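Notes follow once the structure below has been shown.
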């Protein structure tokens with residue numbers, strides 16, 4: 001290598017290394033400021049719709065990482081929690097700092113209730129699992145899967161494609177679905193396309209579906225043999241399998257699984273804003289996502305978190321915009337599935 005070429009290469013390397021240092025220092029300084037601010041605040045108000053078992057383990061992990069933050073938890077079901085947050089905002093007295101829940105509409109997210117937080121963790125997430133503007137990132141998923149009773153459905157009869165559900169053998173109260181299957185219905189239309197999707201859904205509705213409100217109840221009835229096929233959360237099915245229930249969920253590339261997201265959001269009027277941002281970064285972290293997988297979740301929105309599910313299984317995140325189109329989707333469901 002010529003001396004001048006070698007010198008230019010060395011200078012380029014030094015410039016590259018030097019230019020990366022301020023960014024790294026800046027991130028460290030920002031984190032140090034957050035920690036110092038959170039220590040002064042000393043507490044955090046967290047609203048969540050997590051189950052009791054899950055949130056207890058989650059909180060334990062956070063407390064080990066940030067023992068100087070006392071977390072006050074309010075645990076409420078998803079739909080009710082969204083109502084509480086909206087009501088507080090309208091009354092002008094926002095009481096939460098951070099929230100993890102499902103079913104949050106984009107219009108609500110951008111209504112002034114929440115603050116942006118472009119976390120450094122976002123780069124580890126799969127498409128559709130974070131907000132481009134920085135309002136939210138997914139913390140864990142409930143994976144809605146096609147499931148079946150292994151005593152009633154022989155291995156050679158397990159559906160391998162959605163179209164298999166249109167067979168005469170599954171007609172007449174053989175397939176159970178929720179009273180509000182918004183996320184699955186919308187995903188069918190997104191994946192199959194509007195024309196093909198509507199044609200499939202219309203024919204699917206002609207199968208005389210069993211309509212059961214609630215994922216827990218539907219999974220229990222599936223295990224009891226009240227119907228051979230139903231839609232259930234995959235982690236519920238696997239927990240029941242460990243207790244020797246005759247249930248399984250379909251794992252192949254043709255029958256997708258819908259991931260229901262649980263975004264973490266920060267209040268725009270957080271009384272403990274530093275603690276809230278630390279909590280959001282924790283909720284988006286690899287260790288927090290690994291914990292949720294350990295607790296049974298079948299999929300993670302982080303690309304660096306492994307699960308025990310075959311790579312061929314196709315997980316598709318829900319489109320949160322559905323919650324702004326809920327009346328339209330409900331009308332379509334009534335027209336195609338429940339007519």
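The values are calculated or read from the model by the stated rules, or taken from the named source; none is laboratory data. Just so you know, these numbers come straight off a predicted model, no measurement behind them. Glycine gets a Cβ as well: all are built from the backbone with ideal geometry, and neighbour counts include every protein chain shown.
Of note:
- The one condition from (1) in a helix (DSSP H, G or I); (2) in contact (Cβ under 8 Å) with a residue 24 or more places away in the chain that residue 180 does not meet is (1).
- Residue match in segment 255-266 (condition: within 29 Å of residue 40 (Cα to Cα), surrounded by fewer than 15 Cβ atoms within 10 Å (Cβ to Cβ) and in the same structural domain as residue 135 (by TED's automatic domain parsing)): no
- Count of segment 120-132 residues which are at pLDDT below 95 and over 27 Å from residue 250 (Cα atoms): 2
- Looking across 26, 42, one residue alone is modelled with pLDDT of 90 or more and over 17 Å from residue 75 (Cα atoms). It is 42.
- Check on residue 104, surrounded by 16 or more Cβ atoms within 10 Å (Cβ to Cβ), in the same structural domain as residue 273 (by TED's automatic domain parsing) and not in a strand (DSSP E or B): yes
- Residue selected from segment 201-250 under the condition over 22 Å from residue 161 (Cα atoms) and assigned to a loop (DSSP other than H, G, I, E, B), by the criterion modelled with the lowest pLDDT: 214
- Lone unmet requirement of (1) under 19 Å from the mean Cα position of the chain (by Cα); (2) loosely packed, with under 15 Cβ neighbours inside 10 Å; (3) touching a residue at least 24 places away in the same chain (Cβ under 8 Å); (4) not in a helix (DSSP H, G or I) for residue 309: (2)
- For segment 318-336, the criterion of a residue being in the same structural domain as residue 31 (by TED's automatic domain parsing), at pLDDT 95 or above and under 30 Å from residue 93 (Cβ atoms) is satisfied by no position.
- Tallying residues that are touching a strand residue (DSSP E or B) at 6+ places or on another chain (Cβ under 8 Å) and surrounded by fewer than 21 Cβ atoms within 10 Å (Cβ to Cβ) within segment 274-291 yields 1.
- Total residues in segment 63-73, condition under 25 Å from residue 108 (Cβ atoms) and surrounded by 14 or more Cβ atoms within 10 Å (Cβ to Cβ): 2
- Of all the listed residues (150, 94, 83, 87), the sole one being in the same structural domain as residue 215 (by TED's automatic domain parsing) and either free of Cβ contacts under 8 Å to residues at least 12 places away in the same chain or surrounded by fewer than 22 Cβ atoms within 10 Å (Cβ to Cβ) (or both) is 150.
- If you go through segment 142-166 and keep only what is within 28 Å of the chain's Cα centre (by Cα), over 18 Å from residue 253 (Cβ atoms) and not in a loop (DSSP other than H, G, I, E, B), you end up with 142, 149.
- Lone unmet requirement of (1) in contact (Cβ under 8 Å) with a residue 24 or more places away in the chain; (2) out of contact with any strand residue (DSSP E or B) (no Cβ under 6 Å at 6 or more places or on another chain); (3) surrounded by fewer than 19 Cβ atoms within 10 Å (Cβ to Cβ) for residue 60: (1)
- Scanning segment 48-76 for residues that are in contact with a helix residue (DSSP H, G or I) (Cβ under 7 Å, 6 or more places away or on another chain), over 13 Å from residue 288 (Cβ atoms) and assigned to a loop (DSSP other than H, G, I, E, B) returns 49, 68, 69, 76.
- In segment 117-126, the residue that is farthest from residue 267 (Cα to Cα) out of those that are in contact (Cβ under 8 Å) with a residue 40 or more places away in the chain and part of a loop (DSSP other than H, G, I, E, B) is 126.
- Leading residue by the ranking (surrounded by the most Cβ atoms within 10 Å (Cβ to Cβ)) among those in segment 38-57 that are within 15 Å of residue 272 (Cβ to Cβ) and within 21 Å of the chain's Cα centre (by Cα): 46
- Against the criterion of being under 30 Å from residue 55 (Cα atoms), part of a loop (DSSP other than H, G, I, E, B) and in the same structural domain as residue 238 (by TED's automatic domain parsing), residue 133 does not qualify.
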